[in-house]
Structures are given as structure tokens and as C-alpha cells.
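Reading through the C-alpha cells given below for one structure.
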Amino acid sequence: MSDRRLTPANGRVAAKHLIGAIDAESFVDGDAATIGQVVVDLCASPQGKRDRQVLLGTSVIVYERRDGWAFIQSKRDGYVGYVPESALIKPSQPSHRVATLATHAFEGESFKSRDLLHLPFGAEVTVVDERHKMFETQFGYVPKKHLRPLGQPFSDPATVAQVFFGTPYLWGGNSSRGIDCSGLVQAAYLACGHLCQGDSDMQMDSFGQLIPDGESLKRGDLLFWKGHVAMMVDEQTLIHANAHHMSTVYEGLEQATLRIKAQGDGDVLARKRAH
């Protein structure tokens, strides 16, 4: 059975490539668009619960617009869901990504000018001009030091995860405003150029390769429990966004393993390493 989170179909419409695979009233190619708001909930249904979030600059395919809601698929990770139609703008070609925990887009070249937008890590913008200390983007002027070309990914996922240290926990969150365990892992690996799904069950099934029993853990390795994932920063320490601390924290491997089991979530189910 197909996973609704990754299947662009809602009964009324479906992606044309699904003809013959599912039932729908109509099959469409969809139209390209871009997320034009800073952080947008991607919902399971119009006005429904949040599944994940999509960030400013994310390219999407729009399969349906109905009653103020758009049924979309994110090109970044294939996730499907509903966003307010007002969150969409015309397609753009981002050139840079925010590479710090957060930054601002300013009205002018000076940091004393009015701030227009608060931009989280991973938001994508198009640089239209270069000034002395700022890049001019379609959303305003952004400090050069805070942007990174899309063609220059990070090399160490754990370093990216550590950028989020202290970020508040938010179930389904994908930004420095609030993030959950799988959102943290996804942000870290996407920033390093690795395809990574958005939920921990998907990550456990599809990401990387299993680490043989008895082999020592390394920086960047992932540990999976029922409904939870964490990343190693060294052999004995992990970083994870979790509801126990309601934050992104470091925790000793032994301590975390005992605590998670004691709270009823069992033992580690899998240990995985990027290819």
C-alpha cells in the first residue's frame, strides 16, 4: 500500500504518473510554484494536523487549488500535503541557502535598517546583486556570512545538527523556530547533499546502511527507537531533538538508551550510517 505522505493523490486528483496505480477522478501534471512564506505547516488535510513543515524558497508541484488550500508535493523530499494557497508564489530559482541557525533580510544594506523577514536555517533565496557585506535577494538584504551557495553543501551532518543546539522541540517541526527528532536529522543530511526523508520510520527504512553489531559508532551515525531518531557526535554522545527535554540537546548514549527504555519506548531498533 502506498504511503499517503509521499503519494500525490487525494481521491479527486492525482499525479499523472500514477495512472493505472491508483483511482482518482482526474490525473494532472501539476504546476510549479515556490513557498513564499518563512515557515509553513504541511498538513494532512485542509485545516488538519501538521505532518511536517516547508520553508521559504522550497520548490513544489501544485496538483490542486481548492477553497483556499493547495495540495502540493515538495521537490526537496517528496512530501505531500496541504498548505494555504496564500503561501505560494511564482516559481523561482534559488541560488543560496541560509547556513546559520537564523538570519534576517533587511530593507537596506545596513544592519541598522529595518528587518523585513526572520529567515531560518535552510530557507532558500535568490541572490540578485552583491554588495560589500550583504547579498541583495528578492526578500531584502542578507549578510553574506549567513548564506551558502546551493552548489556548496556542508560536509559533516553532525556539525549541521549542532547548529540547532537549544532549538525548542516542536512535533513535526522543520526549522530553527522549532524542530523534532527526524526534522533535525533531515535538515542535517539535506544540507550535506544527502537525500533524507522527513519522518523517523522512513529514515530507518530507507536511509544509509545498517551498522553491524559490535562495530563502534561514529560521528554522524543514526540510532533509531520506536518513533525516535538521534545522531551521534562521537562514540559516546548523541544529539537529538526530543520531547523529554523539549529541546535539541546533547545526551550520553548510555544515559539516553536507559532513559528512553524506562519511558516505555524500548531498545534501539537500528543503527545506520550514510553510504
**Asked** Would a scan of the range 173-181 turn up a residue that is closer than 21 Å to Asp41 by Cα, in a helix (DSSP H, G or I) and touching a residue at least 60 places away in the same chain (Cβ under 8 Å)?
**Response** yes
**Message:** Which residue is surrounded by the most Cβ atoms within 10 Å (Cβ to Cβ), if the candidates are limited to the range 204-244 and must be of a type in the set (Val, Ile, Thr) and touching a residue at least 60 places away in the same chain (Cβ under 8 Å)?
**Reply:** Ile239
**Item:** Every residue from the range 245-258 that is open to solvent by 80 Å² or more (accessible area, probe 1.4 Å) and in contact with a strand residue (DSSP E or B) (Cβ under 9 Å, 6 or more places away or on another chain)
**Value:** Met246, Tyr250
**Item:** Single match in Arg114, Arg76 (criterion: open to solvent by 60 Å² or more (accessible area, probe 1.4 Å), of a type in the set (D, E, K, R) and under 18 Å from Leu42 (Cα atoms))
**Value:** Arg76
**Message:** Looking for something in contact with a Leu (Cβ under 9 Å, 6 or more places away or on another chain), β-branched (Val, Ile, Thr) and within 30 Å of Asp129 (Cα to Cα) - is there at least one such residue anywhere in the range 162-174?
**Reply:** yes
**Prompt:** Somewhere in the range 36-50, is a residue at pLDDT 95 or above, crowded, with 18+ Cβ neighbours inside 10 Å and not aliphatic (A, V, I, L, M)?
**Reply:** yes
**Asked** For the range 1-71, which fully contained strands (runs of 3 or more DSSP E) count at least 3 residues that are of a type in the set (Gly, Ala, Ser), touching a helix residue (DSSP H, G or I) at 6+ places or on another chain (Cβ under 9 Å) and within 21 Å of Val125 (Cβ to Cβ)?
**Response** none
**Request:** Answer yes or no: is there a residue in the range 139-150 that is open to solvent by less than 30 Å² (accessible area, probe 1.4 Å), in contact with a Pro (Cβ under 7 Å, 6 or more places away or on another chain) and either in a strand (DSSP E or B) or farther than 30 Å from Leu223 by Cβ (or both).
**Result:** no
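The values are calculated or read from the model by the stated rules, or taken from the named source; none is laboratory data. It should be emphasised that the depicted structure is a prediction, and the values quoted were computed from it without experimental measurement. Positions of Cβ are generated from backbone atoms using ideal geometry, with glycine treated the same way; all protein chains shown enter the neighbour counts. We work out accessible area using only protein heavy atoms, side chains counted, and drop any ligands, DNA or RNA first. Shrake-Rupley method; radii C 1.70, N 1.55, O 1.52, S 1.80 Å.
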